[in-house]
Amino acid sequence: LIQGASDPQELLQVSRGPALSSNLAALAIARLARLTCEQHLDTESIRRDPRFQQLLDTVDAQISQVWNTPLVQLVRSLPALGLARGGRQVRSVEQEVLWRLRRLPLRQLAHLAEHLVGQGRDSLLLPEVLRKLELRWTELDGTRTVVTLVAKVGHLSPALMERLEDKALELAEQFDPDEIRRLLLALALQQRRCVPLLRALSYHLLQKPAELPLPVLTDLLFAYSKLSFQQPQVLHRLALELQPHVGTLSPAQVSRCARSFASLRWLSRPLAEGIAQYSLDNTQNLSITHLCGILVSFARLNFRPSSSEEFFTMIQEQLQGQEQQLDVHLLTDVVWSLCVLQQARPPHLRQVLSPEFLSRLQGDTSPRAQSSWLKLLHINATARLEAPGYQGPFLPPEVLGGSGDRDKDKDKATPLQRGLREALPGVLGSPDLARYDVSTVYGWDMDAEVVLDSDNKALPVRDFAAPHLSHSEGTKLLPPGAKRVAVLRWELPQFSSRGRELLGRGSMARRHLRAAGFLLVEV
């Protein structure tokens with residue numbers, strides 16, 4: 001009768017039965033809670049019904065005789081029926097569960113933990129359940145339970161999370177694509193970058209022969225981006241399988257996919273061309289924020305569509321008159337992106353280099369603001385070096401920075417930087433013939449700077465005027481035939497066959513420094 005009941009009245013009538021036990025009453029309450037939820041019934045009328053009170057009293061009188069499964073179900077069912085969490089019946093059930101925790105199967109512990117987390121962290125039962133899970137994690141044998149615990153419970157206990165990651169690594173081959181998706185999403189949202197687990201999940205994901213569903217593709221891409229985990233074979237597959245779906249995506253999904261690939265520094269030209277064409281075909285449906293996200297992504301990847309003129313004309317038209325609606329940081333990102341892609345116009349430069357715009361950034365010390373200030377240095381460099389018709393305004397000297405021979409902590413220097421400092425003096429003949437760790441007014445740092453004469457002999461670099469620094473030590477002009485040499489060290493994705501050409505920042509730095517008269521030595 002309880003299992004087949006489809007109406008609350010049938011269940012309430014069970015309370016009149018002569019053979020009613022506490023276990024049957026618990027099953028009836030659990031079924032009642034489920035029907036109430038499914039049929040959106042009024043719980044207050046059920047709570048006031050004397051027959052429901054009879055069910056509660058029966059459970060309370062012989063609670064020790066309730067089986068484990070109905071007892072765990074009661075923890076979820078009573079609050080669902082509107083009983084106060086601090087009430088006598090709920091506290092009685094939770095106390096009985098607390099006494100039985102050691103005897104509960106691990107699967108029931110996992111379901112109990114999932115429910116308690118959803119109810120809030122103020123339950124007295126939750127810490128004990130977490131402690132038991134930490135002690136009995138080796139009993140985990142099902143992928144579904146592992147995924148559920150990682151997603152719903154792991155963030156409450158770092159010790160449990162580490163054990164769950166170990167168990168997930170052990171079971172990696174058994175996860176299906178949807179479970180891999182859920183697991184990676186949970187890790188991403190908790191910022192858990194367990195590299196061995198990520199590598200194992202990536203490997204086994206690549207072994208799945210079937211084409212991945214669109215929700216799995218987009219969630220996986222988001223997770224890899226959030227974790228900054230670059231796995232070339234996986235990214236290639238995601239881009240390949242996403243490409244046919246681009247036309248069916250929403251504007252928000254398209255923008256999110258573009259941003260994810262950009263943050264991973266992975267350029268799939270066919271997919272990027274598809275996103276550009278999507279932008280042209282759906283201009284009216286794309287908000288200015290979505291367009292900005294796509295533009296910034298293309299700039300980070302240094303990508304220009306084949307329909308470049310049409311695409312950038314559309315961007316310029318959509319931006320016209322909308323600049324005031326953009327957040328100060330987003331507007332900075334947009335103009336910086338146009339500079340990277342060599343599409344910036346004087347009105348754009350004037351807008352972000354004006355004193356009024358700069359005043360909106362003054363006093364903001366957030367990481368986002370510091371990034372915006374650095375991008376403004378790049379924009380200012382573009383205005384000076386790549387916009388011959390631009391007359392100003394420019395950034396004031398006090399915000400340009402630019403210094404040579406910074407006192408860098410040697411412990412923080414990379415092996416390459418330390419090797420460069422040791423090798424250059426021997427090659428040049430003197431330690432005073434080079435500057436190291438040079439910060440320019442253009443917003444770019446050089447690992448070393450050297451001046452060579454026409455015979456490629458090093459000259460004292462500090463004797464000469466240095467327009468790329470805010471305060472030059474020397475005043476001499478370079479002799480005829482002399483040249484400045486900048487040594488640059490790039491942080492590039494090792495898997496990328498295109499290297500620095502993929503990176504918009506690297507492309508802009510090379511252009512600016514060459515325009516400033518430098519020969520580049522890139523390592």
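Multiplying the residue separation of GLN362 and ARG418 by 0.36 nm and removing their Cα-Cα distance gives an extension gain of 16.6 nm.
Computed over Cα pairs, the Kirkwood radius of segment 114-161 leads via Stokes-Einstein (1.002 mPa s, 20 °C) to a diffusion coefficient of 195 µm² per second. Ranked from largest to smallest solvent-accessible area, with a 1.4 Å probe on the protein heavy atoms, VAL441, VAL523 come out as VAL523, VAL441. Counting heavy atoms of the protein chains alone, GLU473 has an accessible area of about 110 Å² for a 1.4 Å probe.
Note on exposure: HIS40, HIS348 ranked by accessible area (1.4 Å probe, complete protein assembly) read HIS40, HIS348, with the most exposed listed first.
What shape does segment 340-381 have by the C-alpha gyration tensor, where a ≥ b ≥ c are the square roots of the eigenvalues, rounded means a/c under 1.5, and otherwise prolate means a/b greater than b/c and oblate the rest? Oblate, because a/c is 1.5 or more while a/b does not exceed b/c. Computed per residue of the chain from DSSP H runs no shorter than four, each worth -39500 (n - 2.57), the mean residue ellipticity at 222 nm is -17000 deg cm²/dmol.
Can you tell me the 0 to 90 degree angle between the C-alpha axis of helix 68-80 and the longest principal axis of the chain, rounded to 10? Taking Cα atoms only, the helix is inclined about 70 degrees. Over the chain, accessible surface divided per residue gives 48 Å², non-protein components excluded, 1.4 Å probe. Close lysine pairs were tallied over the chain: pairs 8 or more places apart or on different chains with Cα atoms under 20 Å apart number 6. Looking at the chain, the DSSP beta bridges with both ends there are about 70 percent antiparallel. Rounded, prolate or oblate: pick one for segment 29-75, where a ≥ b ≥ c are the square roots of the eigenvalues of its C-alpha gyration tensor, a/c under 1.5 means rounded, and failing that, prolate if a/b is larger than b/c, else oblate. Oblate, because a/c is 1.5 or more while a/b does not exceed b/c.
Here the Karplus curve 6.51 cos²θ - 1.76 cosθ + 1.60, taken at θ = phi - 60°, turns the phi angles of segment 382-389 into couplings of 4, 4, 7, 9, 10, 10, x, x Hz, with x standing for Gly and Pro. Normalised by the number of residues in the chain, the mean separation of alpha-carbon contacts (under 8 Å, six or more apart) gives a relative contact order of 7 percent.
Where the convex hull is taken over the Cα atoms of segment 283-417, what is its projected area averaged over directions, in nm²?
With every direction weighted equally, the projected area is 10.8 nm².
The long axis of helix 504-515 is offset from the longest Cα principal axis of the chain by roughly 10 degrees. Put simply, the amide H of ALA387, placed in the peptide plane, has no neighbours under 5 Å, leaving out anything fewer than 5 places away on its chain.
Taking all protein chains as they are arranged and a probe of 1.4 Å, the heavy atoms of GLU139 leave approximately 90 Å² accessible to solvent.
A Förster radius of 56 Å, combined with the Cβ-Cβ distance separating LYS208 from THR475, puts the computed FRET efficiency at roughly 0.25.
On the protein heavy atoms, probe 1.4 angstrom, tell me the percent of accessible surface of the chain carried by carbon and sulfur.
50
When you filter the trypsin sites (Lys or Arg not before Pro) in segment 171-224 for DSSP loop state and at most 13 other Cβ atoms inside 10 Å of their Cβ, you are left with ARG193.
Once the Cα atoms are used to define both axes, helix 125-135 deviates from the longest principal axis of the chain by about 70 degrees. At the residue level, HIS468 shows approximately 0 square angstrom of accessible surface with a 1.4 angstrom probe and all protein chains present.
Taking a ≥ b ≥ c as the square roots of the Cα gyration tensor eigenvalues, with a/c under 1.5 meaning rounded and otherwise prolate when a/b beats b/c, else oblate, which class fits segment 1-56? Oblate. Taking every alpha-carbon pair under 8 Å whose residues sit at least 6 apart, segment 278-415 reaches a relative contact order of 22 percent. Give the separation of the Cα centroids, segment 423-479 to segment 153-213, in Å. The distance from the Cα centre of segment 423-479 to that of segment 153-213 comes to 50 Å.
The ellipsoid equivalent to the alpha-carbon distribution of segment 191-345 has semi-axes of 29, 17, 13 angstrom, derived from the gyration tensor eigenvalues as √(5λ) and listed largest first.
The values are calculated or read from the model by the stated rules, or taken from the named source; none is laboratory data. These figures come from a predicted structure and were not determined experimentally. All Cβ positions, even for glycine, are placed from backbone atoms using ideal geometry, and neighbour counts span all protein chains on display. The protein model used for the area step is the full one, side chains on, heavy atoms only, and it has no ligands, DNA or RNA in it. Shrake-Rupley method; radii C 1.70, N 1.55, O 1.52, S 1.80 Å.
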